[in-house]
Amino acid sequence: MSENIRKNSNLIGLCFKSYITPIETIEGFAIGKKCLCEVAVNTTLGIFILKLFNQNMESIGLIAVNGQIASEDRILLEGDQVDIYGFMIGG
């Protein structure tokens, strides 16, 4: 058997980095640093973002998955890298 088999097969692991503080406490989270977390299989990007940033949604300017801008209906997959950026200020 593979050593990578999860104890709970209903979860997948992903990595995320955010420049906005989530409303939910996540072990190991720090602004701008990669953080590992688990989500349920078939979780969409929209549900993931809503769960973490419900009250801070208006602060989000850009969301990328694996380096590409992604829509909220994208289903997250094992090993995905989710990057969350606030609005850029300047001129």
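Here the range 22-50 is scanned for amide nitrogen atoms under 19 Å from the site 7 Å beyond the Cα of S71 along Cα-to-Cβ, giving 42-50. Straightening the chain between I60 and M88 buys 9.1 nm, computed as 0.36 nm per residue apart minus the Cα-Cα spacing.
With helices as the sole contributors, the chain gives -3000 deg cm²/dmol at 222 nm; each DSSP H run of n ≥ 4 counts as -39500 (n - 2.57), and the sum is divided by every residue. Scanning residues 5 or more positions from D80 or on other chains, those with amide H under 5 Å from its amide H are C15, with H placed 1.01 Å from N in the peptide plane. Of all DSSP beta bridges confined to the chain, the antiparallel ones make up roughly 80%. Taking a straight Cα-Cα cut-off under 13 Å and skipping sequence neighbours fewer than 8 places away in the same chain, the aspartates and glutamates within cross-link reach of K34 are D80, D83. Per the Debye formula on identical point scatterers at the alpha carbon atoms of the chain, with no solvent, log10 I(q)/I(0) at q = 0.10, 0.15 Å⁻¹ is -0.26, -0.56.
None of the figures in this text is laboratory data; all of them are computed from the coordinates on show. Computed from a predicted model, the values in this text were never measured in an experiment. Cβ sites come from the backbone with ideal geometry, for glycine too, and all protein chains shown count toward neighbours.
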